[in-house]
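Encoded as structure tokens, the structure appears first; notes follow it.
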Amino acid sequence: MSLQQIIGLAIIIFFLARVLSQKRKNQLNAAEFNFWLAFWLIAGAAVALLKQIDRSLAQLGFSASGINFLLYLSVAVLFYFIFRLRLQLAKMEGEITKIVKKIALGDKPADKK
Amino acid sequence: MDKVFIIIPAYNESAAITSVIKDIRAASKEWQMVVVDDGSSDRTAELAETAGAVVLRHLVNRGQGAALKTGTEYAIMAGAEVVVHFDADGQFSAADIPAVIAPLTAGEAQVVFGSRFLSAPGGKKSNIPWFKKHVILGLARLINKIFLGVSLSDPQTGCRAFSKEAAVKLNWQQDKMAHCSEIMRLAVKNNLRVREVPITVVYHSFGQHFSGGVKILEEFFLGIFTK
């Protein structure tokens, strides 16, 4: 295992410890805890298995190294999370509009002649 | 005479709202005007009320599409037979409204869009800025045709009229500026009889820029996933 992998794993262990500590203090709900636990465990596995990822990528015909692949993957995941966040905001905006409309129409009931 | 409701969404339009209402009143005393004050911080609502319009108030700014939806739902509840959408900035001409509602009252169409690109015989032409006319609206027309199946001469018109049945069916969800294209798409999707009529728009400012067009595309894209 290379020095970089050891440093990477140490950082991941630090964040895993933080997640566990936050769970103990009830600062994370079950869904958040599961998500972050899975996230850091997968990240740890990816760093530990970097050489195997390198080999797998080479077998698939890709010239990029495992660490590059992980970087590309993390950018794609970040884009996905931003998109999810944007969708969530759009849904909330729609809900706000419904409330504002209801209040506006309730303030001035239509007089059907 | 059909019961006609003119819906005017307004956000900080105190400079123009009174004259817009007076112009519409001069065109017909029969039409009912509903101004939807979309969270203005100026005297728009007060002036509209003084000028004789029914005023609905959005507590916070929700966008033109949302304001039009509020006004249209009010008109349907109040027994409207024809619903007209009209801008509050004084760029539209109230004299065009009879031509916009004529195909509805004659039973020739269920949805009528005013078009800046059609010219009435002997009529005035809209002074659309060159870049807007040939680049922004040209691209918008192409996008409407390719992605929405809409082939109308004016891809972003704000002047439109519906029969009551059409107003009920056109359940648009876009709160901001993407409602223009969404209403067109819904009219096509619901197989409503659509007609375009020429209108004249007087530009006091450039209005929607290229970035606004990109924003509309983004709103539309997100709208696909939030239904």
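Condition check: surrounded by fewer than 16 Cβ atoms within 10 Å (Cβ to Cβ), closer than 25 Å to B:Leu104 by Cα and at pLDDT 95 or above. Does B:Ala26 satisfy that?
yes
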Contacts under 6 angstrom Cβ, first residue in segment B:125-151 being surrounded by 13 or more Cβ atoms within 10 Å (Cβ to Cβ), partner β-branched (Val, Ile, Thr), 6 or more apart: B:Ser126/B:Thr200; B:Ser126/B:Val201; B:Asn144/B:Val150; B:Val150/B:Val188
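Pick from B:Ala167, B:Ala178, B:Ala161: which is touching a residue at least 60 places away in the same chain (Cβ under 8 Å) and over 27 Å from B:Lys3 (Cα atoms)? Spell out how you get there, then give the answer.
Working: B:Ala167 fails: over 27 Å from B:Lys3 (Cα atoms); B:Ala161 fails: over 27 Å from B:Lys3 (Cα atoms).
Answer to the check: B:Ala178.
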Subset of segment B:39-96 that is part of a strand (DSSP E or B) and within 14 Å of B:Arg160 (Cα to Cα) - its residue that is farthest from the other protein chains (Cβ to nearest Cβ): B:Phe92
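Inside segment A:19-34, can you point out the residues that are assigned to a helix (DSSP H, G or I) and more than 29 Å from A:Ser2 (Cβ to Cβ)? Write out each step before concluding.
Narrowing segment A:19-34 to residues assigned to a helix (DSSP H, G or I): A:19-24, A:30-34.
The answer is A:Gln22, A:Lys23, A:Arg24, A:Ala30, A:Ala31, A:Glu32, A:Phe33, A:Asn34.
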Extreme residue, modelled with the highest pLDDT, among residues of segment B:56-105 that are over 17 Å from the mean Cα position of the chain (by Cα) and among the β-branched types (Val, Ile, Thr): B:Val60
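Which residue out of A:Ala17, A:Ala30, A:Ala46, A:Ala38 is without any contact (Cβ under 8 Å) to a residue 12 or more places away in the chain and either surrounded by 14 or more Cβ atoms within 10 Å (Cβ to Cβ) or under 15 Å from the mean Cα position of the chain (by Cα) (or both)? Let's see the steps before the verdict.
Details: A:Ala17 fails: either surrounded by 14 or more Cβ atoms within 10 Å (Cβ to Cβ) or under 15 Å from the mean Cα position of the chain (by Cα) (or both); A:Ala30 fails: either surrounded by 14 or more Cβ atoms within 10 Å (Cβ to Cβ) or under 15 Å from the mean Cα position of the chain (by Cα) (or both); A:Ala46 fails: without any contact (Cβ under 8 Å) to a residue 12 or more places away in the chain.
After applying the criteria, what remains is A:Ala38.
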Qualifying positions in segment B:22-39 - out of contact with any helix residue (DSSP H, G or I) (no Cβ under 7 Å at 6 or more places or on another chain) and either within 13 Å of A:Ala104 (Cβ to Cβ) or free of Cβ contacts under 8 Å to residues at least 12 places away in the same chain (or both): B:Lys29, B:Gly39
Among residues of segment B:103-123, those that are touching a Ser or Thr at 6+ places or on another chain (Cβ under 8 Å) and exposed (fewer than 13 other Cβ atoms within 10 Å of the Cβ), counted: 0
Failed condition for B:Asp2, given (1) of a type outside the set (Lys, Arg); (2) at pLDDT 95 or above; (3) in a loop (DSSP other than H, G, I, E, B): (2)
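Here is a list: A:Leu70, A:Leu85, A:Leu105. Which entry is within 14 Å of chain B (Cβ to nearest Cβ) and surrounded by 13 or more Cβ atoms within 10 Å (Cβ to Cβ)? So that I can check it myself, show each step before the final result.
Details: A:Leu70 fails: within 14 Å of chain B (Cβ to nearest Cβ); A:Leu85 fails: surrounded by 13 or more Cβ atoms within 10 Å (Cβ to Cβ).
Criteria check complete, one pass: A:Leu105.
Output yes when any residue across segment A:69-91 is part of a loop (DSSP other than H, G, I, E, B) and not aliphatic (A, V, I, L, M), and no when none is. Steps first, please.
Looking only at segment A:69-91, we keep the residues that are part of a loop (DSSP other than H, G, I, E, B), and these are none.
No - not one qualifying residue is present in segment A:69-91.
The values are calculated or read from the model by the stated rules, or taken from the named source; none is laboratory data. Note that the structure is predicted; figures quoted are calculated from it, not measured. All Cβ positions, glycine included, derive from the backbone under ideal geometry; neighbour counts span all protein chains shown.
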